[in-house]
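Where a number appears in this text, it was derived from the coordinates with a stated rule and is not lab data. Keep in mind that what you see is a predicted model, and the values were worked out from it rather than measured. With ideal geometry, Cβ positions are generated from the backbone for all residues, glycine too; neighbour counts draw on all protein chains shown.
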Amino acid sequence: MKNCIKICLPVLFVVFAVALSRGQSDQNEIVITRPVLGIGNTQPVPVSIEGFGGEVTDVLKFDLYVQGFTFVSPDAAQYEISGSSADNVVGRVVDRFGKRTILTRSYAGSTLRQQAHAFSDDIVQAITGKMGIAQTKIAFKVEQPSGSGEIYVADFDGHNAQAITHDHSIVAAPAWAPGRTALYYTSYKLGNPDIFYHNLSTGQRRVIAGYSGLNTSAAMSPDGTKVAMILSKSGSPEVWLCNPGGSGLKQLTSMSEGASSPCWSPDGRWICFATEIRGRRMLAKVPAGGGEIERLATVGISNPSEPDWSPDGRWIAFTSQMGEFDICVVPASGGNATILVRGEEPSWSPNSRTLIFVRHTPSYRYVLSLLDVYTKQVKDVRQVPGNDSEPAWAR
C-alpha cells in the first residue's frame, strides 16, 4: 500500500495526518491533502442524495451544483447525503472516505423549500468549511418590450421574486446597502436618470442624486458610510463619492473619456471602475479618499467593463467584449485574466465562489444564470417574464 493517499476536497491549504493504527510508525501515515482550487478547472465533488421528496431533492441539487458538487450513485460518492422530507427536512451527511458522519440535523418551521436551502447551507459548511449561499438574496432589473422595467428582489435561485418598484419607467443598476435593508438604483420616474435610495422595510424612497445629466451605478461602501456613483454633472461620466443620503459630494476622477461601473474593495480603500484612456477600454482603481488613478492589467483580455470585486478581496470579475461578451476574472492586483463563460454583468456571491450573470438565449432574451467559478458549472435561475438583467447579489 502506498504511504500517502491524496484525496481532493474543496477546501484551501489544509494538510493533516491520521495515524493508521496505534503504535505504527510515522512512515505509515495517511496524509490527506486539500489542494488549492484552480479557477475554471477544478473537479466537482461527487455526492449522492437519497430519501427526500421531489422538491427537496431538486432544491438540494440546484444549490449544491452551483457551488461545485456533482451527483453520482452512493457507491461512487465521496459524501452520502440522505434523509427524509415527509413533514420536515431531516438530513445526514456521511464522509465515505473518512468513514464518519459529519452532519446530522432536522429543520422545522417555514416551507420545505426553505428548510432544504438551510440544509444545503449546512452541507456546504460541513464539507468545505465555507458558508453556503442558498439563503441569500439577489436584486435585478426586469425590462419589458416597451423599454420600461422594474427592480425586483428574489431568492438567489430566482424563486419568490417580488417587484420593488412599480414606476413603469426605465430603471437600471440596482445595488444593495450592507445588511440587505435597502437598495440603490437609477430610475427615470421623474423624467431624468436619478439615483434613488429605497428602504425595503418601509417602502420609503428618496432621490440622493438628481443632477443634470446622468446619475447611475450607485455602490455603497462595505461599512455603509459612503456611496460611489457615476455622474456626468461636470461633463463626461466620472466617479463621484457622497454620504449615504447624498450630501458631501466629492469628485474622484477627471477624464476626457468617462468612467462606469464603480465597485469597492472589501476593505473600503479602493474603488475599481471601467474607463477609456486614449481610446482604449480598461479597468482602473482610485483611492476612496482621492488620489492618483492606477490601471488594473487584464493580460490576454481586451475591452473590459462591469467589474465586481470579490468579498474575499482576491478577484475582480468583469465583462469582456472581444466579438462576444464573456465573463472573466483577474487577480485583484491585476495580471493574467481568465475567461470563464459567455455572458455579461457578473456579481459575486457572499462566499466569493459563485457568480450571477446575464446570459443571452438564442431567441435574444436575457436570463440570469449562476456560475461556479472553479468548476464552470452553470444553472439558470427561475426567470421573471421579460428580460432579466443587471443582477446584484446581497452580501
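Just to verify a result, which residue in the range 50-92, among those that are of a type outside the set (Ser, Thr, Tyr) and in contact with an Asp or Glu (Cβ under 7 Å, 6 or more places away or on another chain), is surrounded by the fewest Cβ atoms within 10 Å (Cβ to Cβ)?
Here the answer is Pro74.
Given the conditions (1) of a type in the set (D, E, K, R); (2) touching a residue at least 24 places away in the same chain (Cβ under 8 Å); (3) closer than 22 Å to Val171 by Cα, which single one is not true for Lys233?
Of the numbered conditions (1) of a type in the set (D, E, K, R); (2) touching a residue at least 24 places away in the same chain (Cβ under 8 Å); (3) closer than 22 Å to Val171 by Cα, the odd one out for Lys233 is (2).
Cβ-Cβ under 8 Å, sequence separation 6+ or interchain: first residue in the range 153-168 and closer than 19 Å to Ile356 by Cβ, partner among the charged types (D, E, K, R) and part of a loop (DSSP other than H, G, I, E, B). Which pairs?
Ala154/Arg382; Asp157/Arg382; Gly158/Arg382; His159/Arg382; Ala161/Arg382
Being free of Cβ contacts under 8 Å to residues at least 60 places away in the same chain, under 26 Å from Asn387 (Cβ atoms) and touching a strand residue (DSSP E or B) at 6+ places or on another chain (Cβ under 6 Å) is the filter here, so list the residues in the range 126-149 that pass it.
Of everything in the range 126-149, just one residue is free of Cβ contacts under 8 Å to residues at least 60 places away in the same chain, under 26 Å from Asn387 (Cβ atoms) and touching a strand residue (DSSP E or B) at 6+ places or on another chain (Cβ under 6 Å), namely Ser148.
Pull up the range 256-295, narrow it to residues that are assigned to a loop (DSSP other than H, G, I, E, B) and in contact with a Ser or Thr (Cβ under 6 Å, 6 or more places away or on another chain), then point me to the one that is nearest to Gly235 (Cα to Cα).
So the residue we want is Gly258.
Looking only at residues in the range 199-240 that are aliphatic (A, V, I, L, M) and more than 20 Å from Gly179 (Cβ to Cβ), which one is surrounded by the fewest Cβ atoms within 10 Å (Cβ to Cβ)?
Val207
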